[in-house]
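The values are calculated or read from the model by the stated rules, or taken from the named source; none is laboratory data. Since the model is a prediction, treat every value here as computed from it, not as a measurement. No Cβ is skipped: glycine too gets one built from the backbone with ideal geometry, and neighbour counts run over all protein chains shown. SASA here: full protein model, heavy atoms, side chains in, ligands and nucleic acids out. Shrake-Rupley method; radii C 1.70, N 1.55, O 1.52, S 1.80 Å.
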Amino acid sequence: MVNTQHTFKNIRVYWLAFIVYWGIILFGYDTGVAGGVVSAPFFLERFGLLNADGSVNKQRNADVSSNVVSVLQGGAFFGALSSAPISAKIGRRLTLQIFTFIFIIGAILTTVANGSHGLSEIYGGRVILGFGIGGISAVSPAFVSECSPKEVRGRITGLFQIFVAIGVMLSYWVNYGLVPLKPGPKLWQIPFGVQLIPAGIMMIGLFTVRESPRWLASVGRTEQALRNLAYLRKEPEDSEPVIHEFAEIEAQIQEEREAREGLGVREAFLGKGNLIRFVIAFVIFFLQQWSGQNSVNYYAPQIFASIGYTGRKNGLLATGVYGVVKVVATALYIFFGVEWLGRKASLFISGMGMGTMFFIIGAILKTHPPPATSANSIVLDPPAASKAMAGLLYIYVTFYSMGWGPLPWVYCADIFPTRTRHYGMATASASQWLWNFTLSKTTPQMVLDLGYKIFFMFATINIGGMAVFSLLIPETKGRSLEDMDVIFGAVSKEKRDADIARQEQALDKQQHVEETDRASGSADEKERV
């Protein structure tokens, strides 16, 4: 259950997440908008995706569709990797401002695309905005996690997936709202232009938030780190909770400096207790992307057409409802379930549920194939079997939203220490975008080649890969970020407790000296008066 006292106590952290995660709306919006754009009849006609008789050239359409979607993931992969050294050097907030500016440039290029070079402009713009999204997606969860208290860190960090789902949903309904428009370039210029709104909100909003206290402490800016931590917790700098949390932060940083001095990037990957964390980050996003969810996200109109929801309006309406279900399910889980069920149980139930739904959908699709498979064919009333498969897809996304949607981001933001978190989240995000790229590039061809079997393939991965993997990883619910070194064996619990006690004593002594100095200054002032 949501604790109202914690919500108001941490209102500044929620505000930070709200601002930072506007970039994650961009993440969701851009992954969802392209599928509706490339299925529009005018887009097919303008860019030569029709045969001489007016029918869709399925192979050419699959190639262009996958290119429009996948070039974003290619740019995002390199954006995520490049974010690590930048974030380590200049901090989380300024890094996000830089990548948001890059995104805006790419968004403008896709918005103005038209004429004979329109497709090239769309490709180029999506590479650039993909680079921006990649950096944003790597830095945002790390920034939010570093600023969140352990009691509600899962909930606040998990807002990431709610904003992704909101972005995807908005993209579906924007495409649906354009159905009555007269055919023309506005059918892609408006959807691509809308993304400038959240980008502008994020750019302005970043000026209202403070830098991560954990990053500040890691680069030696101790006074500012303590001040920012107290600000986020709405506590005085000398309060016991702030002193204890800051002592934990300082103890962990000092341990890293002593144990890994001068090892740099090599230490980030090979230091004691680190390699397994990078393996988990890579594998958890590999599995997430092969869950089948993003194939539905990117090509939702085509996917719904394949189960009977043909006609552009019907397909986009079914897709829009899918987006609403995803947002509601994600929000309910993040606010009421993530800190109750924990990470492992949620991931296991999620994987089993998704796999079961996909096995049933594949079986129905085999035995009751839809009347037409073109997204622009007209079928006024989809058969009962198609309606059942749509309902099962809605149940599927509910299972996805209670585990494998939000938790990979939460889990990866949890497990890395401050000094290597930027490398860890860059690796996690790069893995996500690498397999994103692979899926977005291959899904149209897989739909053509495999038909109903694509659901069986994803179902097998859901149960045999994702559910099993969830049983093998440590639980992180309710543990501080500094506890992760103990969980993964980088330091013993006894040493950590001793280091925290020493740091608390040092901070208490420093506070006492400052209070004595202030008292002495006040006495001198009175004597002069």
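At a Förster radius of 45 Å, what calculated FRET efficiency corresponds to the Cβ-Cβ distance of Met446 and Arg227, to the nearest 0.05? Spell out each step's value before the answer.
Working: r = 53 Å, r/R0 = 1.17.
Plugging the Cβ-Cβ distance into 1/(1 + (r/R0)^6) gives 0.30.
What number comes out for the charge environment of Thr427, summing +1 per Lys or Arg and -1 per Asp or Glu over other residues with Cβ under 13 Å away? Residues close to Thr427 contribute a combined charge of +2. Shape analysis of the stretch 406-476 places it in the oblate category; the axes a ≥ b ≥ c from the Cα gyration tensor give an a/c of at least 1.5, with a/b not above b/c. Counted by Cβ distance under 14 Å from Lys9, the other residues give a net charge of +3, where Lys and Arg count +1 and Asp and Glu count -1.
Label-to-label distance, Lys234 versus Met457, with points set 7 angstrom from Cα along the beta-carbon direction: 5.0 nm. Each peptide among 284-291, 323-330 gets the average number of other Cβ atoms lying within 10 Å of its residues, and from highest to lowest they stand as 284-291, 323-330.
Entry comment: accessible area of the stretch 125-249 is 33 Å² per residue, from protein heavy atoms only and a probe of 1.4 Å.
When the C-alpha to C-alpha distance is required to be over 32 Å, the pairs from Lys182/Lys453; Lys234/Lys509; Lys186/Lys453 that qualify are Lys182/Lys453; Lys186/Lys453. Once a ≥ b ≥ c are taken as the square roots of the eigenvalues of the Cα gyration tensor of the stretch 168-258, is the result rounded (a/c under 1.5), prolate (a/b larger than b/c) or oblate (a/b not larger than b/c)? Prolate, since a/c reaches 1.5 and a/b exceeds b/c.
How much accessible area per residue does the stretch 398-480 have, in Å², with a 1.4 Å probe? If you can, show how the numbers build up before the last one.
Numbers: 2390 Å² over 83 residues.
Counting only protein heavy atoms, the per-residue value for the stretch 398-480 is 29 Å².
Between Asn57 and Lys387, the simple label model (points 7 Å from Cα in the Cβ direction) yields a spacing of 3.9 nm. Cα gyration tensor of the stretch 131-221, axes a ≥ b ≥ c as square roots of the eigenvalues: rounded (a/c below 1.5), prolate (a/b > b/c) or oblate? Taking the square roots of the gyration eigenvalues as a ≥ b ≥ c, the stretch 131-221 is prolate.
Using a probe radius of 1.4 angstrom, the carbon and sulfur fraction of the accessible surface of the stretch 70-126 is 76%. Diffusion coefficient (Stokes-Einstein, Kirkwood radius over C-alpha pairs, 20 °C, 1.002 mPa s) for the stretch 56-131: 160 µm²/s, rounded to a whole number.
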